[in-house]
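Worksheet: the structure to be examined is printed underneath.
The values are calculated or read from the model by the stated rules, or taken from the named source; none is laboratory data. From a predicted model like this one, the values you see are computed outputs, not experimental measurements. Cβ placement follows ideal geometry from the backbone for every residue including glycine, while neighbour counts extend to all protein chains displayed. For accessibility, only protein heavy atoms count, side chains too; no ligands or nucleic acids. Shrake-Rupley method; radii C 1.70, N 1.55, O 1.52, S 1.80 Å.
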Amino acid sequence: MGMSVFLKLIDFILFIFFLVIAVAAPLIDAQTCLPLTFFPDFLINLKQWYGHHYGDYLIIEKPHFFVGLVWLELLFQWPLSLLNLYAFLASKSWFNTTCLIYGASVLTSMVAILAELLGSGKASDDLLMMYSPFLGLGVLCILRGLIQNSSKTSGSRPKSSRIPALARKKKA
């Protein structure tokens with residue numbers, strides 16, 4: 001399997017994740033820290049059903065660290081996911097950079113959440129399976145951020161490189 005096909009597969013997976021985050025963060029996750037009066041009853045009921053069905057005590061109990069991580073998601077990660085969707089659809093050159101930033105933030109958040117879930121002994125296997133893919137998302141975003149798209153870097157130097165520009169100035 002060529003690198004181009006591999007990147008397209010990664011990009012497709014990330015696109016689906018970014019799409020889910022773009023919808024779920026403001027409609028579901030935001031209920032953790034915003035007044036419930038902002039949300040329709042069916043969304044409140046959906047989140048409550050999820051919390052009880054999977055025994056997600058973080059959603060039900062809302063510990064302060066978790067609320068803080070949800071604020072991080074809403075104010076930093078959610079806008080980045082929207083930027084990543086745009087960058088993907090518009091083939092923007094900065095997609096790798098925003099992917100890397102998003103991945104580092106998600107990975108950091110998920111390590112804290114999974115450490116709590118595993119350390120508390122309260123999490124069921126089903127609950128761990130609900131959160132674990134987001135750890136993988138963080139890693140995948142970091143890796144995607146570090147991989148150059150071969151069609152854009154076909155052996156030529158980036159035009160923004162300062163070193164060649166400095167070398168040209170010294171020769172003149």
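Identify, by number, the condition in (1) closer than 21 Å to residue 146 by Cα; (2) surrounded by 12 or more Cβ atoms within 10 Å (Cβ to Cβ); (3) out of contact with any helix residue (DSSP H, G or I) (no Cβ under 8 Å at 6 or more places or on another chain) that residue 89 doesn't meet.
Going through (1) closer than 21 Å to residue 146 by Cα; (2) surrounded by 12 or more Cβ atoms within 10 Å (Cβ to Cβ); (3) out of contact with any helix residue (DSSP H, G or I) (no Cβ under 8 Å at 6 or more places or on another chain) one by one, residue 89 breaks only (2).
Go through segment 37-61 and report how many residues are open to solvent by 30 Å² or more (accessible area, probe 1.4 Å) and out of contact with any Gly (no Cβ under 8 Å at 6 or more places or on another chain).
Quick first cut of segment 37-61, residues open to solvent by 30 Å² or more (accessible area, probe 1.4 Å) only: 37-38, 40-42, 45-46, 48-50, 52-55, 60-61.
Still in the list and also out of contact with any Gly (no Cβ under 8 Å at 6 or more places or on another chain): 37-38, 40-42, 45-46, 48-50, 52-55, 61.
The total comes to 15.
Taking the stated definitions as given, is residue 34 among the aliphatic types (A, V, I, L, M), closer than 21 Å to residue 99 by Cα and modelled with pLDDT of 95 or more?
So residue 34 does not fit the description; no.
Being among the hydrophobic types (A, V, I, L, M, F, W, C), outside any helix (DSSP H, G or I) and open to solvent by 50 Å² or more (accessible area, probe 1.4 Å) is true for just one of 34, 19, 75. Which residue is that?
Just a single option satisfies the conditions, and that option is 34.
Looking for whichever is at pLDDT 95 or above and outside any helix (DSSP H, G or I) here; the options are 123, 112. Which one fits?
Of 123, 112, the one residue that is at pLDDT 95 or above and outside any helix (DSSP H, G or I) is 123.
Need pairs with beta-carbon distance below 6 Å; first residue touching a residue at least 12 places away in the same chain (Cβ under 8 Å) and within segment 1-28, second aromatic (Phe, Trp, Tyr); sequence gap 6+ or separate chains.
15/88; 25/78
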